[in-house]
Amino acid sequence: MKRMNRQMMAYRLAQDIPDGAYVNLGIGLPTLVANCLPPDREIILQSENGLLGMGPAPKAGQEDPDLINAGKQSVTLLPGGCFFHHADSFAMMRGGHIDICVLGAFQVAANGDLANWHTGAPDAIPAVGGAMDLAVGARQTFVMMELMARDGSSKLVKQCTYPLTGLACVSRIYTDVAIFELSGGRAGVIELVDGLTFDELCSMTDLPLIDAREGASA
Amino acid sequence: MINKIMASAAEAVSDIGDGSTIMIGGFGAAGMPDQLIDALIDQGAKDLTVINNNAGNGDRGLAALIREGRVRKIICSFPRQSDSQHFDARYRAGQIELELAPQGNLAARIQAAGAGLGAIFTPTGYGTDLARGNEVREIDGVMHVLEYPLHADFALIQAFKGDRWGNLVYRKAARNFGPIMAMAARCAIAEVSETVELGDLDPEVVVTPGVFVQRLVCVPSALEAAA
């Protein structure tokens, strides 16, 4: 099986973002998508801290401490970009004005429930940021994650065991071995990496998956 | 004559008392009013409840206020970060209370306070641990939770330019929580890099109308200070 690395996952996800889309990329893994957007499409990135039309990282020495992204990294603003305050920023998300958000996840359930803010461990310090607002407010929520956790368990689950971020909010999951489309409470497989069979994927997740690949018999 | 420009940061924060609730602007270090906070540390107020997006980054601003043990409780969305060591230490020692709120609900509750609303219904957080016990209501087929406004005694914010009536403009993404915190606090105090004459700020681009601001202090900007 040819597992995708994180860069390949970001590249693959970026191909599914259409021209003209307003997109919010969560911190961590989803940030990689910014560098993979197809150059022939005009895709506008929103950052929760008050940027629309966010551009790439500045050249060394050109950093501006007042121009950062949600992960507090230095960024630039594209011509046509603008700034706004936090209530407007979250009105964009919650009000359904953002077409796609891409979030990382600890777990996603087949019904679209998302858990990505807290492990629930007693010594962990929880932090939620804008994840709950994006999960409920963006028109589509994509998750980008490795399918298997470090302990070998599937992160696509029947029911989340970590505290929830949002209910039935995830529509697609881009993983290192397959792409899933979630609808009607079930997880459909729309792409598999080379060398992995549908049955092998079913045994990895221990879920009743649907083969939704092009040409697959229902 | 109205003149909200104070002579110093120390004068601007002089009447902040023990036990006050204080909104502090900034997202990470961008927009953090470091000089007002330094003045507040010198002034000595303690047992503060602080509302900010984070819980301090690095060693300056809110991080310094927490390090000095002045903060009893923090209401924020994203405390844990690679450089939140001063909060982490106080939290693990049981010396600071944390109330976690989804970032958009934090902003909406601050804005609701400034706008005089009694409460808001928001879909964010429904069905999660962060809205456990909140009143819920189905509106147009979507489940919402009831959230109450967040008021404050003082807001400490950073802006770029201001005039003696308190009109403010901001710089880039340092704007973040400044405009809504100015609205929500009984006394909003802004540190600005430059004060200008009335009429110098284009009325079409004023971001915070002066009515929301009670005091201004002109301080050298972090950019200039670093130069």
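Observations on the model:
- Flag for B:Ile16 being touching a strand residue (DSSP E or B) at 6+ places or on another chain (Cβ under 7 Å), part of a strand (DSSP E or B) and either at pLDDT 95 or above or among the small types (Gly, Ala, Ser) (or both): no
- Candidates are the residues of segment B:34-63 that are within 14 Å of chain A (Cβ to nearest Cβ) and surrounded by fewer than 19 Cβ atoms within 10 Å (Cβ to Cβ); the one that is farthest from A:Pro126 (Cα to Cα) is B:Arg60.
- When restricted to residues that are among the basic types (Lys, Arg) and closer than 15 Å to B:Leu156 by Cα, segment B:17-69 contains 1.
- Answer residue from segment B:64-81, given it is out of contact with any strand residue (DSSP E or B) (no Cβ under 9 Å at 6 or more places or on another chain) and facing chain A (nearest Cβ under 9 Å) and is nearest to A:Ala127 (Cα to Cα) among those: B:Arg80
- Residue in segment A:30-42 that is of a type in the set (Asp, Glu), modelled with pLDDT of 95 or more and within 14 Å of A:Ile179 (Cα to Cα) present: no
Every residue, every condition in (1) without any contact (Cβ under 8 Å) to a residue 60 or more places away in the chain; (2) over 28 Å from B:Phe177 (Cβ atoms), yes or no:
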{"site": "A:Ala127", "(1), (2)": "yes, no"}
{"site": "A:Leu147", "(1), (2)": "yes, yes"}
{"site": "A:Thr161", "(1), (2)": "yes, yes"}
{"site": "A:Tyr174", "(1), (2)": "no, yes"}
{"site": "A:Ala178", "(1), (2)": "yes, yes"}
{"site": "A:Ala187", "(1), (2)": "no, yes"}
{"site": "A:Val193", "(1), (2)": "no, yes"}
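- Leading residue by the ranking (surrounded by the fewest Cβ atoms within 10 Å (Cβ to Cβ)) among those in segment B:113-141 that are facing another protein chain (nearest Cβ under 9 Å) and at positive phi: B:Gly127
- Looking only at segment B:149-192, residues that are surrounded by fewer than 21 Cβ atoms within 10 Å (Cβ to Cβ) and touching a helix residue (DSSP H, G or I) at 6+ places or on another chain (Cβ under 7 Å) come to 3 in all.
- The residues of segment B:154-169 that are under 14 Å from the mean Cα position of the chain (by Cα) and farther than 9 Å from B:Ala190 by Cα amount to a single one, B:Phe154.
- Meets criteria (outside any strand (DSSP E or B), at pLDDT 95 or above and of a type in the set (S, T, N, Q)) for B:Gln158: no
- Extreme residue, farthest from the other protein chains (Cβ to nearest Cβ), among residues of segment B:95-107 that are closer than 24 Å to B:Arg186 by Cβ and among the polar types (S, T, N, Q): B:Asn105
- From B:Arg80, B:Arg90, B:Arg67, residue being surrounded by fewer than 23 Cβ atoms within 10 Å (Cβ to Cβ) and modelled with pLDDT under 95: B:Arg80
- Checklist (1) more than 8 Å from every other protein chain (Cβ to nearest Cβ); (2) touching a residue at least 60 places away in the same chain (Cβ under 8 Å) applied to B:Ile110, failing item: (1)
- Residue check, A:Asp123 among the acidic types (Asp, Glu), within 8 Å of another protein chain (Cβ to nearest Cβ) and under 30 Å from B:Arg90 (Cα atoms): yes
- Counting only strands (runs of 3 or more DSSP E) that sit wholly inside segment A:1-102, those with at least 1 residues that are touching a residue at least 40 places away in the same chain (Cβ under 8 Å), surrounded by 13 or more Cβ atoms within 10 Å (Cβ to Cβ) and of a type in the set (S, T, N, Q) are A:22-25, A:44-47.
- Qualifying residue in segment A:108-124 (condition: touching a residue at least 40 places away in the same chain (Cβ under 8 Å) and over 17 Å from the mean Cα position of the chain (by Cα)): yes
- Identity of the residue in segment A:128-174, at the interface with chain B (Cβ under 7 Å from one of its Cβ atoms) and surrounded by fewer than 20 Cβ atoms within 10 Å (Cβ to Cβ), that ends up nearest to A:Ile100 (Cα to Cα): A:Leu167
- Residues being closer than 12 Å to A:Leu156 by Cα and either among the hydroxyl-bearing types (Ser, Thr, Tyr) or modelled with pLDDT of 95 or more (or both) - total across segment A:208-218: 1
The values are calculated or read from the model by the stated rules, or taken from the named source; none is laboratory data. Keep in mind the model is a prediction, meaning the values are calculated, not measured. Virtual Cβ from ideal backbone geometry, glycine too; neighbours counted across all protein chains shown.
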